[in-house]
Structure formats: structure tokens, C-alpha cells
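First up is the structure itself, then whatever we jot down about it.
The values are calculated or read from the model by the stated rules, or taken from the named source; none is laboratory data. Small disclaimer: the values here were computed from a predicted structure and weren't measured. All Cβ positions, glycine included, derive from the backbone under ideal geometry; neighbour counts span all protein chains shown. Quick note on the areas: whole protein, heavy atoms, side chains included, nothing else; ligands and nucleic acids left out. Shrake-Rupley method; radii C 1.70, N 1.55, O 1.52, S 1.80 Å.
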Amino acid sequence: MSETMNTDDAVVLAPARSAFDQDWRKIVNWGLICALALIFVSLTDMPDKLDKRVIVEPLLSMGYLSLIWIPIALGNFVTREVVLEGMAQHKKGLRELVAGVSVGAIGGAGLALLIWLLDTRDLSDPLVNWNDALLEVLSFGEGVGYGAIFWILASAGLGLAGGALHLLPAIANRLLFAISLTIVLSASLESALDDISEGFQLEWLFEALFEKKGGLSVQGAIILAVFAIAWVLFLGGQAKRGRAAVAARRELSPTKVNTVGLVLIAVAAVVLPMFLGRLTNDLLTNVGLFLLLALGLNIVVGLAGILDLGYVAFYAVGGYTAAIMTSPTSPGLSPELPWWVAIFVVVFMAIVAGLFIGAPVIRMRGDYLAIVTLGFGEIIRLTVRSDWASGFTGGAQGILSIPGADIVGIATVKGTDPQQVLYLVIGFVAIAIYVSWRLENSRIGRAWMAVREDESVAEAMGINTVNSKLQAFVVGAILASFSGAIFAAKVGSVFESSFKILVSIVILVIVIVGGMGRIAGVAAGALVLVGILGGPNQPGLLAEFSEFKLLIYGALLIWMMLKRPEGLIPNVRRSRELHQDEFLQDAWLKAQADDDDDEAVSGEAAPA
Amino acid sequence: MTTAMRSKAAPRTGVDWFLTFLRVLLSGLVLFGLSAFLLQQIDPGNPLASAINPDANRLSWDAFQGLVISGLSQGAMYGLIALGYSMVYGVLGFINFAHGEVFMVGAMTGMITSNKLFEAGVWEDNFLLAILIAVLVSVICSTVTAVVTERIAYRPLRGSPRLIPLITSIGVSFFIQNTSAVLLGPGAKSYPRLPDWLRDDIGIGPFDIEGKKLLVLVVAGLSMGALWYLVERTKTGKAMRAVAEDKEIASLMGIDVDRTIVTTFAVGGAMAGVAGILWGILFGSVTEFTGFLPGIKAFSAAVVGGIGNLGGAMAGGLTLGSSESLAPQLVLEPLGVTGHTQLKDAVAFLVLIFVLLVKPTGLFGERLSAEERA
């Protein structure tokens with residue numbers, strides 16, 4: 001942190017520009033974007049449907065949050081400048097505030113227009129959410145005029161706040177960010193926190209923070225805010241420094257310290273499920289199943305750079321093989337193997353499927369490969385559903401009464417007991433993480449990365465590109481089939497509708513949002529997306545969002561690709577590759593600036 | 001192309017043998033199925049034919065021609081959508097996954113307009129005027145959708161690694177699909193009832209064609225003609241071809257590359273809009289998922305015909321449409337596959353895989369610049 005402060009001081013700031021020296025066209029454009037975004041969010045009915053999900057009891061609900069972040073963000077973005085090395089930078093001042101207010105006001109005017117239209121016109125025929133309930137929520141039940149004026153003023157005020165963020169020092173921005181994140185996150189995690197606090201006998205803490213009918217209480221919000229401030233100001237820095245100090249004193253390498261962290265996580269993974277309630281265990285099981293899938297796809301997409309859109313095929317292979325092998329009622333073949341024996345058959349089938357799908361596509365151009373794998377995913381699903389294969393797969397009726405998983409006669413994991421299933425999932429996730437970690441730093445892993453970056457160069461370096469890509473495909477397939485096999489044992493039945501292309505795309509979103517090629521990133525992606533928003537068929541903590549989660553996934557995918565293609569927790573090497581242009585540009589600009597300095601010096605020298 | 005060159009230079013690996021095996025297996029299955037079909041056609045009681053599939057029936061001429069016509073009319077639609085994929089791939093070198101959703105937007109807005117016109121009574125009084133308005137509205141909406149997605153999602157990514165715009169377009173596709181579900185409500189929505197003359201059969205030579213299928217074929221043909229004129233005979237088209245060939249040289253020749261790319265998206269969007277309304281006329285209903293499968297199939301059609309090749313896209317669409325409608329009856333049923341019509345969609349993907357295995361440049365040859373082929 002101290003380093004960034006120094007560089008900030010080193011930049012010579014030009015004086016602030018006057019408040020009305022604006023790029024008005026840009027402001028109007030951003031204002032219109034703000035208005036459109038507000039109208040779009042209103043028409044999706046988020047304000048109404050999410051209104052019941054309270055963040056801070058009397059003050060704020062998720063419904064209103066879905067509106068108010070827009071003017072703040074856009075009021076901030078409108079005056080954001082890309083600062084490149086050697087460019088003149090102006091001091092921030094009144095100009096930023098004026099721009100923010102204008103953008104917010106234009107956006108608010110758009111929302112006011114919508115309120116007026118809601119009152120006077122009836123467009124409910126194509127637009128299903130065009131109804132009085134929405135009008136009620138937007139105008140607070142106080143009439144059209146009140147709502148319209150309120151939103152123009154409120155939106156302008158929020159835009160002003162967004163612009164004002166430029167004026168605040170960096171530390172204040174970080175504090176505000178930490179506070180809002182803590183509060184929104186705690187409110188999202190409400191039901192899980194309830195569950196956990198019960199397990200640890202900490203109900204008093206939960207009751208201090210949350211209201212009975214849901215949502216944080218005002219005092220709870222204040223406590224959390226103080227905690228967030230304390231964390232940013234003291235504890236966060238302390239923890240980092242402590243870690244560095246430990247590493248320095250014992251002459252340990254940072255990786256050793258990371259190992260300590262890993263051990264801590266492992267202990268938590270063993271101990272925590274005992275204290276968790278049913279709901280959280282079930283939720284974490286879903287997260288674990290998707291994490292297993294995402295770790296597999298991370299090897300295929302993140303390390304080897306093969307965009308496999310039919311990844312769900314291997315999940316289906318795992319699920320159906322386990323179902324056929326273990327269920328006593330599976331049509332056709334029904335060997336009724338114990339689950340731990342069936343898992344070997346599952347691995348074998350996954351390898352066969354991986355080779356069979358992988359071999360034809362491996363030589364194709366990257367984008368053709370994506371579509372063809374997607375095609376294979378659909379072919380497998382359609383075949384499983386058809387009458388032709390229903391002799392083995394049960395067709396649309398699926399396979400029922402799958403017994404739980406038994407582990408080498410030691411224990412039987414019943415699908416109905418979420419805690420046992422969670423342990424099973426944690427076991428497999430641990431294997432997957434270990435395998436990915438070892439592979440990443442092995443000869444194979446380096447070969448994958450070389451193939452990802454440039455196939456011709458990799459081949460020239462003596463890498464057998466076809467074989468190494470096939471290996472990635474097969475390893476990914478095995479991990480996905482594990483997930484499928486656990487899924488079958490957990491749910492007790494498999495249907496083809498659980499294996500739609502949608503699942504592939506959700507896994508892709510998890511990998512990309514988390515950070516391609518980085519295990520911690522993928523884990524964070526799975527926790528946040530599946531845990532909070534929910535998987536394709538599984539509800540998350542924000543059950544109210546189920547209608548909107550796919551919309552949010554789509555928007556997230558676009559936004560990540562445009563703004564941060566390396567993901568939330570990026571792989572260092574990969575992000576360097578993705579931002580190569582910017583690094584080069586910075587270097588070029590720096591060189592230019594140096595040249596200019598040289599010329600200036602020589603220019604001054606000549607007349608003298 | 002590359003496989004052939006490589007196999008001469010390097011010794012064959014296991015993968016090559018497997019691919020050869022797959023090629024032979026797939027061709028063998030198709031040939032075997034077809035010959036079994038012919039045998040059954042000659043005499044269903046034929047011992048060889050009945051050994052393969054004891055329940056075999058002879059396919060009547062009426063049923064056959066029905067399959068051909070519906071395959072062709074559906075294929076014409078695939079062809080219209082495929083044009084958009086093909087043009088964008090030719091110019092920018094990436095698969096615009098969201099193009100199927102542009103088509104869905106066309107079908108959706110067509111549904112809304114035609115229902116409004118039906119309520120106003122125009123649909124029944126003056127069908128041609130109504131359908132003209134509906135086509136106009138959906139073409140405009142599809143074009144706007146295509147251009148806006150280009151501006152927001154693809155233009156900032158120009159020059160990034162080629163998988164990045166592809167992933168973005170998957171996001172766009174997902175977003176548009178769910179926007180439609182949230183704003184307009186999920187589930188199927190139907191078009192108003194068509195006038196009788198579109199639902200009756202019209203006899204042309206030996207064929208009896210349902211009016212709406214004939215309409216689809218005619219409209220697709222006209223749009224194709226208009227597009228051919230635009231691309232081959234106008235200055236805009238020349239600019240498009242130049243940009244597809246080499247963006248840098250084209251800009252040195254004074255062509256506004258950004259604008260040409262927008263035009264390409266707009267033209268592709270317009271074609272998808274036409275296809276959308278034709279879908280509505282042909283099937284009478286539309287859901288938010290309408291765009292997904294036809295979109296992927298249309299991309300397959302573009303690959304089958306040779307990507308970047310506009311005539312090829314149309315031909316690929318017709319090939320794909322008719323094989324997906326005929327193959328279950330002609331190849332799968334004689335082989336004894338039960339419930340063969342359920343595998344219609346699988347056939348479309350198998351055709352794509354087969355073409356990519358046997359002739360990766362498509363049936364009519366791809367037209368791409370050297371940089372995109374790499």
C-alpha cells in the first residue's frame with residue numbers, strides 16, 4: 001500500500017478543470033445508458049420480486065439495490081480516465097461531481113418516464129411485468145408525481161455520490177467498498193449464517209446482527225461496518241505483515257506458509273461439516289459437485305486451452321454409468337455393483353468417452369472444436385433420451401432408486417444425509433485439487449500451457465500436441481464423471497434433463513469468472529456463483545434470484561470477457577498473456593516520454 | 001487440408017488410424033442403411049432386409065415427398081441464418097454464437113407484431129399487408145440487435161485471442177435468451193392463425209406443397225438473390241469482400257473497416273429477421289429457446305457448405321435440412337433404430353461431424369483470408 005502512495009505522490013497533477021468544461025456528448029450518452037439500464041432492470045421486475053429480500057431491515061432491500069447501484073456506477077464511470085504512463089492528469093474537482101449529477105439525473109428522468117407510462121399506458125401484452133405492482137414499488141405507493149420526482153432527485157444524488165468517489169482518497173474508497181461488500185455479502189449469506197451460528201452455539205451473535213423477519217438490523221449493519229473498517233485499517237495489513245514476518249523469521253519460503261494455510265483449510269473441511277446444519281451441508285455439496293466439474297474444465301480450458309462446450313457429456317457419462325451399475329431397477333443391464341466398484345467402471349467409461357469425443361475434434365480449429373463438442377454433448381443427451389437407448393438408460397423416465405454410495409465396506413453414504421455426501425464430495429474435491437496442482441507444475445502441465453499459447457511453437461519444441469491435448473481431455477472427463485457418479489448417488493435418480501447444455505455453460509462461467517487456470521480462482525467462482533446464486537437446477541442462498549440467475553450469468557460472462565478476461569483471482573501467467581498489448585503499450589509510451597525528455601534537454605541545450 | 005499434408009510428412013499416429021476408422025465406419029453405416037432402405041423399398045419381405053429390421057415398412061411416395069419438402073423449407077431457414085454466421089466468420093474470424101438469438105428476436109417481435117395486427121383486424125382483412133409490416137418490424141429489430149451486440153460486446157475485443165469473442169458471444173446468447181424469458185415471460189407463444197390458402201396444398205408438377213412451405217422457399221430464394229446482388233454487384237458488397245480478404249489492406253484502400261463490419265452484422269441480422277418470421281409462419285409458435293438449436297444447426301450448415309462462402313451457406317442449409325428430415329427414415333429406420341424421429345437433432349450434429357472429418361473445408365470450399373485459416 002505504501003508503494004502505491006508513493007507513486008501517487010510522484011505524479012504531477014495538472015490543475016482541476018472548470019466544472020462546465022465537459023464532454024457533454026459523453027455525459028448524455030452515459031445518461032441514456034443509465035436510463036436504459038434502470039428501465040430494463042425495472043421491466044425485469046427485479047425491484048418488485050426481490051423486494052422481499054431485505055438487506056438492512058427498514059432501509060434497503062435487494063429490489064431497490066438492483067436499481068440504485070446503476071447511477072452510482074455510471075456516475076463514477078463517466079469521468080473515469082485511463083491513465084497511461086506519461087499522460088497529463090488533472091486534479092479531480094467539481095467537474096466530476098457535475099458529470100455524475102447529470103448522468104444520474106438523465107437516468108432518473110428515464111425512470112420517471114417509465115413510471116408515467118406505467119400509469120397511463122397498458123403494455124402488459126408483450127411485457128409480462130407491466131403491472132400495478134411494479135408501479136407501486138417504484139412510486140412507493142405515493143402516486144406517480146411523487147415517484148417520478150423522487151427518482152429524478154435520488155438518481156441525481158446517487159450519480160453525485162458516484163462522481164464524488166473520484167474526489168475521495170484511495171483509502172476512503174477502499175473503506176466504502178469493504179463496508180458495502182461486507183453488508184451485502186452478510187445479507188446474502190443470511191440463511192447459511194443462521195445455520196452455522198446454530199451449529200456453533202452462537203445464536204446470540206446472529207440475533208444481534210439480524211432481524212427476526214429477515215435482513216440485517218440497523219445496529220447489525222453498523223457493527224459489520226465497524227468490523228469492515230477495522231479489518232481494512234488494522235487487521236488486514238496486520239495479517240499480511242504477520243505472514244511475511246513468520247516467513248522471514250523462520251526462513252520459510254512463501255510456499256511453506258501457503259502450505260500452512262492449506263492445512264488449515266483441510267482441517268476446516270473435516271471439522272466444519274459436523275457443525276453445519278442440513279441446509280448448509282446440502283448447499284456445500286452442490287458447490288462441491290460444481291467445483292469438481294469446474295476443476296476438470298479448468299484443466300481442459302484453463303490449462304490446455306481447449307474450449308469444450310460439451311463438457312456436460314462426461315458428467316452424464318459418470319451419472320448414467322454409476323446409475324446403471326448400482327441401481328437394482330435399471331433396465332437392461334443391472335449388475336448392482338457396490339458404488340466403490342462402480343466408480344472404476346465410471347472412470348473406464350469416462351476414459352473411453354474422452355478418447356472417443358476427443359480424437360475426432362482434437363485437430364480442429366479452436367472454434368470449430370467448441371461447436372462440435374457442443375454437438376457431441378447434445379448427441380449423448382438425445383441418445384440417452386431416445387427410445388432406442390431406453391433399454392439401458394430408461395429414456396425420459398430415467399433410472400430410479402439408486403442406492404447411496406458405499407465406500408469399500410467401511411461406510412455407506414446415504415444420499416438423504418447431506419453431511420455424509422458432503423464428506424464424500426470433499427474427499428473427491430481434495431483428490432481433484434491435488435491432481436490439478438501436481439499436473440499444473442509437471443511436464444504435462446507445462447506442455448498443455450505451451451499448446452494453449454501457440455500450437456505450432458509447441459510442436460516445434462517437440463511436444464506431441466495431439467497426445468497432450470487428448471490427455472487434458474481425458475483428465476477433464478474423469479473429474480467430470482466423478483461428479484456425475486456422486487450426483488447420481490446423492491439424488492438417487494438420473495434424468496436426461498439434468499444434463500442439458502446449460503450445465504456446460506454454467507461451468508464455463510464458473511471457470512471464467514473465478515479465473516482460468518487457477519485452482520483458488522475456480523474454487524472462489526464455484527462458491528460465489530453456485531453457493532449464492534445457485535446452479536442450473538439447484539437453488540442457491542439467494543433463492544429469490546432463481547428467475548434472474550441465468551440472466552446474471554450471461555451478463556457476468558460478457559462483463560468479465562470485456563473488462564477482466566483473466567477472472568477474479570487470476571493466474572499470473574495467463575493474465576500477463578491477456579494484457580500483453582497493454583504492457584507493450586505502456587512500455588512504448590514510457591519510451592516516448594523518455595525520448596521527449598531527451599529532446600527537450602537537447603533543445604534547451606542547443607540555443608545556449 | 002492440413003491432415004492430408006501432415007499424413008504425407010509424418011508417420012500415422014493412433015489418432016489418425018482412429019479417425020480413418022471413424023470415417024469408414026460412418027460412411028459404411030450410411031451406405032449400409034441406404035442399401036437396406038432400398039432393399040426394403042423393393043420388397044419389405046426381402047429376407048436380407050427383414051433380417052436387419054423385421055418391422056420395416058415401405059415408404060410411400062407421398063410420405064417421401066412430404067419429408068423432402070419439409071426438410072427443404074426448414075433447410076432454407078437454416079440457410080438464411082447460416083448466411084449471418086458465414087459472413088461474420090468471413091470478416092472477423094469468430095463464431096458469433098449469439099446469431100441464433102438474433103433470429104429468435106426476429107421470431108419474437110414477429111409474433112408480437114402479428115398478434116397486435118390480428119387484434120386490429122389487419123391480419124385477416126389484408127394478410128399480405130400485415131405480413132409485410134411484421135417482416136419489416138422483425139427485420140428492423142433483428143438488425144438493431146445484431147448491430148448493438150457488435151458495438152457493445154465484439155468491437156472492444158477486436159484483435160484479442162480468438163476464443164475470447166467466442167466466449168463473449170456465448171454470454172450474449174445466454175443474456176438475450178434470458179432477457180426474453182424475463183421480459184416477455186417464459187414458454188411458447190403462438191402466432192395468429194394463418195389464412196386458408198397458406199395451409200392448403202398447392203400442386204406444382206409432381207409435388208404437392210403446402211402453401212406456407214412454398215412461401216418460405218420463395219421468400220428465402222428472394223432474400224438470397226437480394227443478398228447476392230448486394231455482395232457481388234454493389235460497392236458496399238465489394239467493401240465487405242475486401243475486408244474479409246484482408247482488413248489492413250482494405251483500410252489502406254480507403255475502406256472504413258468498422259463501418260463495413262457493422263454493415264456485415266446488419267445484413268446478417270436482417271437475414272436472421274426474415275428467417276425468424278418464416279419460422280413463425282412455418283411452426284406457428286416461438287419460445288425463448290427457439291434460437292438455440294436452429295442457431296447451432298445453421299452454423300453447422302455454414303460449415304457444411306464451406307464457411308465464408310455465401311452460396312455454400314444456402315446449399316449447406318438445404319443439405320442439412322433435408323438430411324435431418326430424411327435420414328431418420330432412410331438410414332436409421334432401416335438399421336432398426338426404434339424411435340428414429342427423436343434422433344433428428346442428433347443427425348444434424350452427426351452431419352456436421354461427418355463433414356468435418358471427411359472434408360473440413362465444406363462441400364463447396366471455404367473462403368477465408370490466410371490469417372483466419374491459421
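Values for this structure:
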{"item": "Tally of residues being of a type in the set (Val, Ile, Thr) and either in contact with a Phe, Trp or Tyr (Cβ under 8 Å, 6 or more places away or on another chain) or open to solvent by 30 Å² or more (accessible area, probe 1.4 Å) (or both) across segment A:502-531", "result": "9"}
{"item": "Which listed residue, of B:Met314, B:Met253, is of a type in the set (A, V, I, L, M, F, W, C) and without any contact (Cβ under 8 Å) to a residue 12 or more places away in the chain", "result": "B:Met253"}
{"item": "Condition broken by B:Val102, with the remaining ones in (1) within 11 Å of another protein chain (Cβ to nearest Cβ); (2) surrounded by 24 or more Cβ atoms within 10 Å (Cβ to Cβ); (3) within 27 Å of A:Pro565 (Cβ to Cβ) satisfied", "result": "(1)"}
{"item": "Those residues of segment A:475-501 which are within 13 Å of chain B (Cβ to nearest Cβ) and either touching a Gly at 6+ places or on another chain (Cβ under 8 Å) or open to solvent by less than 10 Å² (accessible area, probe 1.4 Å) (or both), in sequence order", "result": "A:Glu496, A:Ile501"}
{"item": "Filter pass, A:Ala14 being open to solvent by 10 Å² or more (accessible area, probe 1.4 Å), over 29 Å from the mean Cα position of the chain (by Cα), at pLDDT below 90 and among the hydrophobic types (A, V, I, L, M, F, W, C)", "result": "yes"}
{"item": "Close pairs (9 angstrom Cβ cut-off, 6 or more residues apart or separate chains): over 14 Å from A:Val287 (Cα atoms) and more than 14 Å from chain B (Cβ to nearest Cβ) in segment A:528-548, among the polar types (S, T, N, Q) and open to solvent by 20 Å² or more (accessible area, probe 1.4 Å) anywhere", "result": "A:Ala543/A:Ser191"}
{"item": "Cross-chain or 6+ apart pairs with Cβ under 7 Å, segment A:388-400 first and in the same structural domain as A:Thr329 (by TED's automatic domain parsing), then surrounded by fewer than 21 Cβ atoms within 10 Å (Cβ to Cβ) and among the aromatic types (Phe, Trp, Tyr)", "result": "A:Gly398/A:Phe495"}
{"item": "Qualifying residue in segment B:306-321 (condition: hydroxyl-bearing (Ser, Thr, Tyr) and within 14 Å of chain A (Cβ to nearest Cβ))", "result": "no"}
{"item": "Residue match in segment A:382-402 (condition: in a helix (DSSP H, G or I), at the interface with another protein chain (Cβ under 10 Å from one of its Cβ atoms) and over 35 Å from the mean Cα position of the chain (by Cα))", "result": "yes"}
{"item": "Pick from segment A:455-498, criterion among the charged types (D, E, K, R) and free of Cβ contacts under 8 Å to residues at least 24 places away in the same chain, ranking: farthest from A:Val300 (Cα to Cα)", "result": "A:Glu459"}
{"item": "Hits in segment B:335-352 (condition: in contact (Cβ under 8 Å) with a residue 40 or more places away in the chain, within 7 Å of chain A (Cβ to nearest Cβ) and open to solvent by less than 10 Å² (accessible area, probe 1.4 Å))", "result": "B:Phe349, B:Leu352"}
{"item": "Cross-chain or 6+ apart pairs with Cβ under 6 Å, segment A:365-380 first and more than 7 Å from every other protein chain (Cβ to nearest Cβ) and on the phi < 0 side of the Ramachandran plot, then crowded, with 21+ Cβ neighbours inside 10 Å and outside any helix (DSSP H, G or I)", "result": "A:Thr373/A:Asp308; A:Thr373/A:Leu309; A:Thr373/A:Gly310; A:Phe376/A:Gly310; A:Gly377/A:Gly310"}
{"item": "Per-region count, segment A:38-53, residues more than 24 Å from B:Ile176 (Cβ to Cβ) and open to solvent by 30 Å² or more (accessible area, probe 1.4 Å)", "result": "2"}
{"item": "Matching residues, segment A:132-168, being under 16 Å from A:Leu43 (Cα atoms) and outside any helix (DSSP H, G or I)", "result": "A:Ser139"}
{"item": "Lone qualifier among B:Leu92, B:Leu117 - being within 13 Å of another protein chain (Cβ to nearest Cβ), under 30 Å from A:Arg576 (Cα atoms), open to solvent by 10 Å² or more (accessible area, probe 1.4 Å) and not hydroxyl-bearing (Ser, Thr, Tyr)", "result": "B:Leu92"}
{"item": "Residue match in segment A:270-288 (condition: of a type in the set (Ser, Thr, Tyr) and over 27 Å from A:Leu374 (Cβ atoms))", "result": "yes"}
{"item": "Pair list, Cβ under 8 Å, 6 or more apart: segment A:300-329 residue aromatic (Phe, Trp, Tyr), other residue buried (at least 24 other Cβ atoms within 10 Å of the Cβ) and outside any helix (DSSP H, G or I)", "result": "A:Tyr320/A:Ile399; A:Tyr320/A:Val494"}
{"item": "B:Thr290, sole failed condition from (1) without any contact (Cβ under 8 Å) to a residue 12 or more places away in the chain; (2) under 23 Å from B:Ile131 (Cβ atoms)", "result": "(1)"}
{"item": "Any hit, segment A:369-381, residues being in contact with a helix residue (DSSP H, G or I) (Cβ under 7 Å, 6 or more places away or on another chain), surrounded by fewer than 19 Cβ atoms within 10 Å (Cβ to Cβ) and not acidic (Asp, Glu)", "result": "no"}
{"item": "Scan of segment B:242-267 for residues that are more than 17 Å from B:Leu222 (Cβ to Cβ), under 23 Å from the mean Cα position of the chain (by Cα) and at pLDDT 90 or above, ordered by number", "result": "B:Ile261, B:Val262, B:Thr263, B:Thr264, B:Phe265, B:Ala266"}
{"item": "Any hit, segment A:127-135, residues being surrounded by fewer than 19 Cβ atoms within 10 Å (Cβ to Cβ) and away from chain B (no Cβ under 14 Å)", "result": "yes"}
{"item": "Residue check, A:Phe344 assigned to a helix (DSSP H, G or I), in the same structural domain as A:Val466 (by TED's automatic domain parsing) and at pLDDT below 90", "result": "no"}
{"item": "Members of segment A:403-428 that are assigned to a loop (DSSP other than H, G, I, E, B) and open to solvent by 40 Å² or more (accessible area, probe 1.4 Å)", "result": "A:Pro403, A:Val408, A:Gly409, A:Ile410, A:Lys414, A:Thr416, A:Asp417"}
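Residues are listed down the side, and each one gets a yes or a no for (1) at pLDDT below 95; (2) hydroxyl-bearing (Ser, Thr, Tyr); (3) out of contact with any Leu (no Cβ under 7 Å at 6 or more places or on another chain):
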{"residue": "A:Ala294", "(1), (2), (3)": "no, no, yes"}
{"residue": "A:Gly302", "(1), (2), (3)": "yes, no, yes"}
{"residue": "A:Pro335", "(1), (2), (3)": "yes, no, yes"}
{"residue": "A:Phe348", "(1), (2), (3)": "no, no, yes"}
{"residue": "A:Gly358", "(1), (2), (3)": "yes, no, no"}
{"residue": "A:Val361", "(1), (2), (3)": "yes, no, no"}
{"residue": "A:Leu374", "(1), (2), (3)": "yes, no, no"}
{"residue": "A:Arg381", "(1), (2), (3)": "yes, no, yes"}
